[in-house]
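One structure is given here, and the rest of the page talks about it.
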Amino acid sequence: MSQYVAPIRDMQFVLNELAGLGEHANMPGCEEASPDLVDAIMEEGGKFASGVLAPLNWVGDRHGAKWDQGAVTTAPGWKEAYQQFAESGWTAIGCPTEFGGQGLPKLVSIPVSEMFKSANLAFSLGPMLTQGAIEALVLRGSDELKARYLNNMVAGIWTGTMNLTEPQAGSDLAAVRSKAIPQADGSYLISGQKIFITYGEHDMTENIVHLVLARLPDAPEGVKGISLFVVPKFMVNDDGTLGARNDVHCVSIEHKLGIHGSPTCVMSFGDKGGAVGYLVGEANRGLEYMFIMMNEARFSVGMEGLAISERAYQKALQYARERTQGTELGVKGGGKVAIIKHPDVRRMLMSMKAHVEAMRALAYVTAAAIDTAHHHADEQERAKAQAFTDLMIPIVKGWCTETGIQMASTGIQVHGGMGFIEETGAAQYLRDARISAIYEGTTGIQANDLIGRKMAREGGVTVKALIATMKALDSQLAEAEAGTLGEHVAVVRKALAEGGMAVERAVSYVLANFATDIKAVHVGAVPMLNLMGIVCGGWQMARASLAAQRKLAEGSGDADFYRSKILTSRFYADHVLSQAAGLSHTVCAGAVGAMAIDEHLL
C-alpha cells in the first residue's frame, strides 16, 4: 500500500501567500498563530497522519466496524489510535481555551484536518462531528450544559454526534417526528429513531453526546417546530462522573460502499420509556442551531474532497513512476518506460495535481474568511467576510466533493486494470469519496442554497463583489507577463477573464429569472455551482501564479516549486477554466432540454 506524505510545502505556500496567515496574528484571538508555531503544528500533524492514521486506513476498510447486540467495535488499532489522537491534543486544536482548547484559528487547524482526512478519512469523521457539536454548544448551550459537557468533548474524552434525519424524512427535516416530552425537573424524554448517524455508537470513548432534533408537544408544524436537545449515552452526575445508561441505543449499522471503518448507525431513542435530554437554547429553534453544526460540517466535508484527491494523486503518481509499460512516443528503438512518460498519463496526473492545488487554495482562503468573520476588530470587515464565507461554503462543499470523486476515479484510470483490483488500494479512495457529495446536503441541495439564499435573496451583492475582485487581478497578471514564464501567465490571465465573464452571464440569468421561472433556474443550479467552483479555483491559481512570479523575481530559492506553480496554473487554465463558457451556457439555456419532455417519456 502507498504511504501518505503530508504536502507541507504546498500547504505553507497557500497559507502564507494566498490565505494571509501573517495578517491573522494581528486579529484579536489569533495572536498565537505565529509562523513558527504553525510550521511546528503542521510538522507534528504530518507525522501523526503518516505514522499512525495512514497505516490504519486499509485496516479500517478491510475489517470495518462491527455491531453486536447494540455494541459497536471499531477496527483493530482504532481505539488505541484515537486515544493517542486525543492525548496529543488534536481534538482541542481549534476549540476555545475556556473549555480546555488551544484557541487556534481555523486557518491553522484546517491544514492539519486535511492531513488527517487524507491519511484516514473514515477515522477523521468522528472528530469532525464532535467539532460541530462543540461549536453548537459553545454558541447556543446554557452555562450548565457547557460546564457539564464541553471540557470532556474538547479533550476528546467524549465524542459528539448530529442526529437529524429519520427514515421517513431524508433531507426534508420538516418531516422529523421524534418527540420531546417536558418533565418536572426541566429535562425532556426523547423518543424516536434517527438514521445515518456517524459514530453514533463506538468503543473509542466512554461517553457519546448526541445532539438530537425533536418536537415538543405544542410545536408548530414544519421546520419552525423543531427543537435541539443534548442526549448523552450515559447520564452525567453533578460531580462530572458517569451515571446510568440513558435510553438510547444503536439498533444496527449500515453496510456501505465505502468509509467502512466509520460506523453509520441507526439510533433508537426511548424504547424503554424515553431518553433523558436537555434543551439547547430556545424551543422551536433547533433547526437554526443545527445549521451551526451543519455549516461547520459542510465545510469539513468539502475538505474531504480535497483530502481524498491528494491521497489518490499521491498513489497514482507513485504507481506511474514505478509501472513500466510501452515505449516512449517519438523515441525510435527505445526500451520500455515508466508510464509517467506517456502523454495521456501525464495529462491525468496534471489534472489531479491542478485540481488539488485549486481546491486547497480555495478552501484555505475560505477558512481565513471564517476567522476574519469571527475575530476582526472592524464590524464591516467581519460582515464582509461572513458574506464571502456564506457564498463559499456551498461551493467548497459541492465542488470539492464532486471533484474528489472525479480525481479518485482518475487515480484508478492511471493504474489501468490494476486500479480495479482492491489490493492495489486505489479503489478504496473512490469508494470512500462517493458519500462526500451526498451527506450534509447533496450537491443539489448545496447548489439550490447557492443560487437561492446566496445569490437571489441578496440580489447578487456578494457574488458581484467577488467578480469585481477577480477582475481587479487582471492588471497584476498583465504586469506579470513580463516575468519568468510570462507566456504561461498570459494564458492564465486570458482564461480567468473569460471565466469571469462566464460567471457574470450566469449570475445575470439567475437574478433575472429566479422570481419568474424558478424551475428553469434550478435546472442550472448544479452547473452554476460547478462553474463557480472552477472559476473561483482559477482565481486562486492565478493568484498563485502571481505569488510564484514574485518569489522568482526576488530569488527566494526553491525555484522549481515556483515554476511548478506557474505551469500547473497554465494547465488549469487550458484544461479546467476552459470549461467555464460551456457551463455558463448550460445555466442560461439548459432548462428546455431538461423540462420539455413529459415525465412518462423519461
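For the reader, a short list of remarks on this structure follows.
- Scanning the stretch 441-455 for residues being among the small types (Gly, Ala, Ser) and buried (at least 19 other Cβ atoms within 10 Å of the Cβ) gives a total of 2.
- Matching residues, the stretch 217-241, being of a type in the set (S, T, N, Q) and farther than 27 Å from LEU173 by Cβ: ASN237, THR241
- None of LEU466, LEU477 is buried (at least 19 other Cβ atoms within 10 Å of the Cβ), more than 23 Å from GLY452 (Cβ to Cβ) and not aromatic (Phe, Trp, Tyr) except LEU477.
- Just one of the listed residues (ALA65, ALA19, ALA6, ALA54) is hydrophobic (A, V, I, L, M, F, W, C) and more than 22 Å from the chain's Cα centre (by Cα), and it is ALA65.
- Breaking point among (1) surrounded by fewer than 24 Cβ atoms within 10 Å (Cβ to Cβ); (2) modelled with pLDDT of 95 or more; (3) under 28 Å from ASP449 (Cα atoms), for GLY126: (1)
- Flag if VAL108 is surrounded by 15 or more Cβ atoms within 10 Å (Cβ to Cβ), in contact with a helix residue (DSSP H, G or I) (Cβ under 7 Å, 6 or more places away or on another chain) and touching a residue at least 12 places away in the same chain (Cβ under 8 Å): yes
- Taking the stretch 491-602 and the helices (runs of 4 or more DSSP H) fully enclosed by it, the elements with 3 or more residues that are closer than 24 Å to ARG453 by Cα are at 518-523, 525-554, 580-589, 591-595.
- Check on THR372, within 20 Å of MET11 (Cα to Cα) and of a type in the set (Ser, Thr, Tyr): yes
- Test: residue in the stretch 164-177 that is closer than 17 Å to GLU296 by Cα and small (Gly, Ala, Ser): no
- Residue in the stretch 164-176 that is charged (D, E, K, R) and surrounded by 13 or more Cβ atoms within 10 Å (Cβ to Cβ) present: yes
- Restricting SER268, SER262 to residues that are of a type outside the set (Val, Ile, Thr), touching a strand residue (DSSP E or B) at 6+ places or on another chain (Cβ under 8 Å) and within 30 Å of GLY404 (Cβ to Cβ) narrows the list to SER262.
- Matching residues in the stretch 362-383 - criterion: being in contact (Cβ under 8 Å) with a residue 60 or more places away in the chain and in a helix (DSSP H, G or I): LEU362, ALA363, TYR364, VAL365, THR366, ALA367, ALA368, ILE370, ASP371, THR372, HIS374, HIS375
- Within the stretch 25-54, considering residues that are part of a loop (DSSP other than H, G, I, E, B) and in contact (Cβ under 8 Å) with a residue 12 or more places away in the chain, the one nearest to VAL108 (Cα to Cα): ALA33
- Candidates are the residues of the stretch 241-290 that are surrounded by 19 or more Cβ atoms within 10 Å (Cβ to Cβ) and β-branched (Val, Ile, Thr); the one that is farthest from the chain's Cα centre (by Cα) is VAL276.
- Among residues of the stretch 138-163, those that are among the aliphatic types (A, V, I, L, M), modelled with pLDDT under 95 and buried (at least 24 other Cβ atoms within 10 Å of the Cβ), counted: 1
- ALA361 small (Gly, Ala, Ser), touching a Phe, Trp or Tyr at 6+ places or on another chain (Cβ under 6 Å) and under 20 Å from ASP10 (Cβ atoms): no
- Note on the stretch 480-490: residues that are of a type in the set (A, V, I, L, M, F, W, C), part of a helix (DSSP H, G or I) and either touching a residue at least 24 places away in the same chain (Cβ under 8 Å) or loosely packed, with under 15 Cβ neighbours inside 10 Å (or both) amount to 2.
- Checking ALA573, ALA594, ALA515 one by one, the residue that is more than 23 Å from the chain's Cα centre (by Cα) and surrounded by 22 or more Cβ atoms within 10 Å (Cβ to Cβ) is ALA573 and no other.
- Among the residues of the stretch 317-335, those identified as among the basic types (Lys, Arg) and either within 28 Å of TYR4 (Cα to Cα) or within 38 Å of the chain's Cα centre (by Cα) (or both) are ARG321, ARG323.
Residues checked against (1) modelled with pLDDT of 90 or more; (2) surrounded by 15 or more Cβ atoms within 10 Å (Cβ to Cβ); (3) of a type in the set (A, V, I, L, M):
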| site | (1), (2), (3) |
| --- | --- |
| GLN12 | yes, yes, no |
| LEU21 | yes, yes, yes |
| ALA25 | no, yes, yes |
| PRO28 | no, no, no |
| GLU32 | no, yes, no |
| ILE41 | yes, yes, yes |
| ALA49 | yes, yes, yes |
| LEU56 | yes, yes, yes |
| HIS63 | yes, yes, no |
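- In the stretch 428-440, residue farthest from the chain's Cα centre (by Cα) [restricted to those that are surrounded by fewer than 21 Cβ atoms within 10 Å (Cβ to Cβ) and not hydroxyl-bearing (Ser, Thr, Tyr)]: ARG431
- Condition met for ALA75 (in a loop (DSSP other than H, G, I, E, B), over 20 Å from LEU15 (Cα atoms) and in contact (Cβ under 8 Å) with a residue 24 or more places away in the chain): yes
- Test: LYS551 is surrounded by 16 or more Cβ atoms within 10 Å (Cβ to Cβ), basic (Lys, Arg) and at pLDDT 95 or above: yes
- Pairs, first modelled with pLDDT of 95 or more in the stretch 565-577, second of a type in the set (Lys, Arg), C-beta under 8 Å, six or more apart: THR568/LYS353; PHE571/LYS353; ALA573/LYS494; HIS575/ARG347
- Residue in the stretch 400-419 that is without any contact (Cβ under 8 Å) to a residue 40 or more places away in the chain and outside any helix (DSSP H, G or I) present: no
The values are calculated or read from the model by the stated rules, or taken from the named source; none is laboratory data. The shown structure was predicted, so the numbers you read here are calculated from the model rather than taken from an experiment. We place every Cβ from the backbone using ideal geometry, glycine too, and count neighbours over all the protein chains shown.
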